[in-house]
Amino acid sequence: MRVYDVIDAKKRGETLGEEEIAFFVREIANGGAQDCQIAAFCMAVLLNGMTDEECFLLTREMVKSGDAAPRPRAEGVYADKHSTGGVSDSTTLILVPVLASLGVKCAKYSGRGLAHTGGTLDKLESFTGLRVDLSPEEFERQVEEVGGAVSGQTEKTVPADKRMYAVRDVTATVDSIPLIAASVMSKKLASFADVILLDVKYGDGAFMKTAREAERLARLMVSIGKSAGRRTLAAVTDMNAPLGDNIGCNAEVNEALQILRGEKQNRLSELSFFHAAKIVQAISGCGKEEAFAAVRESVASGAALRKLAEIVSAQGGDGKEVYGAFPLAEGRHIIRAAEEGYVQMSALALGRACAALGGGRAREGDTIDHTVGILLKKREGSPVQKGEPLAEVCHNGNAEEGIALAESAFCVSDKKIKCRPLVYAFFGGERR
Ligand code: URA
């Protein structure tokens, strides 16, 4: 068998068998397949699709390409949550300490922001000295001792995905449902979580533009998780407007801290508590009300905030910083409503604006400015008077492009806006 034959078969719309998929993934991981061949394969999948069985086999072989994270010795059920990426989504910073404070062990491998989306690892690095490059042994020990850890994956975790994703990123082949499903689920299955909650975003700030596409992706990932024997839950959630009110690393961490201190309630707290309660329900078998009450109590009692301080300290950061606020850039520009009406906004334009201010990266390895960002003063659908502030841009100069993008993110409609529900669909969680 040659790499060429597998590409040719997919190009002709054939269904690939176990042997062909295993061979192709091995060739990606060992360098036998060239970048141009990986690109051709990905484009053939994007255009011709894959059956659910092919996608499961692709995922399984990708997992085999690397070293699975060792399962900690401590007994218990391990949980993980994954978002497909969006703007102002700091749910991990809230969910992990909430769950860990309730005794649910949270082993969370996260990523960095790319293009217009934010990344949890970047946000965590707002804490002075905090490390996100824990070795598998450090990660395992921290989950055991503290109950929660958030770190980047190592070079050895699913190397086939690392290579394939880098090629997809520059060949317009990211937005293929089977390729996204295999990429996300290979990384989830390489970890030891027993319960996996997937937050699949749809809308202008997400990879999936419509709720129907997001639901297809979510159902495919749930079926892959289930076939691998993991309890997999999925929520399809709105990403047409930013989830929280703050965009930018320090600003988003400040908002998560306010929520954990019980000082703020908004769509970000609503979704974080929803996810946490769903995981508690799945693990303990308790009812919805009981799960929500436990989550709210962990915040009201300060237990979740104290747990975050512990996690930050365990990862080399300064745990006392959870009681303060991180600095924002001093340059300010206020975006005002051009007329009276109802606010509309684009998560994509706001994410791009933050990146253009220096808060995001165009390519892997770029450094980012944690202090820049955008603070929303009105939400999607809010009534507004002419001249009222819609948002505040925090910048460090040289900000024309970022400000122009942020201005372009808003418009005011003379008609009432029908707000979309935060959670469009929720399913999964059955045992195999
Ligand atoms: N996130 C991933 O990890 N992989 C994808 O393909 C898309 C989003």
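Meeting the requirement of 1 or more residues that are assigned by TED's automatic domain parsing to the domain that holds A9, the helices (runs of 4 or more DSSP H) wholly within region 37-138 are 52-64.
Here G152 meets the list (1) surrounded by fewer than 20 Cβ atoms within 10 Å (Cβ to Cβ); (2) out of contact with any helix residue (DSSP H, G or I) (no Cβ under 6 Å at 6 or more places or on another chain); (3) on the phi < 0 side of the Ramachandran plot almost entirely, failing just condition (2). Considering region 235-334, the qualifying helices (runs of 4 or more DSSP H), each wholly inside and each with 1 or more residues that are touching a strand residue (DSSP E or B) at 6+ places or on another chain (Cβ under 8 Å), run over 249-260, 267-284, 303-314. Being more than 12 Å from the ligand (Cβ to nearest atom) and either under 16 Å from the mean Cα position of the chain (by Cα) or more than 27 Å from S313 (Cβ to Cβ) (or both) is a description that applies to G152. Among residues of region 167-190 that are farther than 17 Å from G49 by Cβ and of a type in the set (K, R), those with a Cβ under 6 angstrom from a residue that is outside any helix (DSSP H, G or I) and more than 9 Å from the ligand (Cβ to nearest atom), sequence gap 6+ or separate chain, pair up as K187/V158; K188/I196.
Scanning region 75-127 for residues that are more than 25 Å from D238 (Cα to Cα), among the hydroxyl-bearing types (S, T, Y) and touching a helix residue (DSSP H, G or I) at 6+ places or on another chain (Cβ under 6 Å) yields S101, S126.
Residues in region 217-266 that are hydrophobic (A, V, I, L, M, F, W, C) and free of Cβ contacts under 8 Å to residues at least 60 places away in the same chain: how many? So that I can check it myself, show each step before the final result.
Of region 217-266, the ones hydrophobic (A, V, I, L, M, F, W, C) are 217-218, 220-222, 224, 228, 233-236, 239, 241, 243, 247, 249, 251, 253, 256-257, 259-260.
Now restrict to residues that are free of Cβ contacts under 8 Å to residues at least 60 places away in the same chain: 221.
Qualifying residue count, region 217-266: 1.
Scanning region 99-121 for residues that are over 12 Å from the mean Cα position of the chain (by Cα) and within 16 Å of the ligand (Cβ to nearest atom) turns up A115, H116. Of everything in region 160-206 that is surrounded by fewer than 21 Cβ atoms within 10 Å (Cβ to Cβ), in a helix (DSSP H, G or I) and of a type in the set (D, E, K, R), the residue that is farthest from the ligand (Cβ to nearest atom) is R163.
Of the strands (runs of 3 or more DSSP E) entirely within region 348-432, those holding at least 2 residues that are closer than 18 Å to G248 by Cβ and not assigned by TED's automatic domain parsing to the domain that holds P242 occupy 373-376, 389-395. Take the residues in region 73-98 that are more than 17 Å from the chain's Cα centre (by Cα) and either closer than 19 Å to S269 by Cα or touching a residue at least 24 places away in the same chain (Cβ under 8 Å) (or both), then tell me which one is nearest to the ligand (Cβ to nearest atom). So, considering only residues that are more than 17 Å from the chain's Cα centre (by Cα) and either closer than 19 Å to S269 by Cα or touching a residue at least 24 places away in the same chain (Cβ under 8 Å) (or both), the one nearest to the ligand (Cβ to nearest atom) is Y78.
The values are calculated or read from the model by the stated rules, or taken from the named source; none is laboratory data. In this text the structure is predicted, and so the values were computed from the model without any measurement. Backbone-built Cβ (ideal geometry, glycine too); neighbour counts: all protein chains shown.
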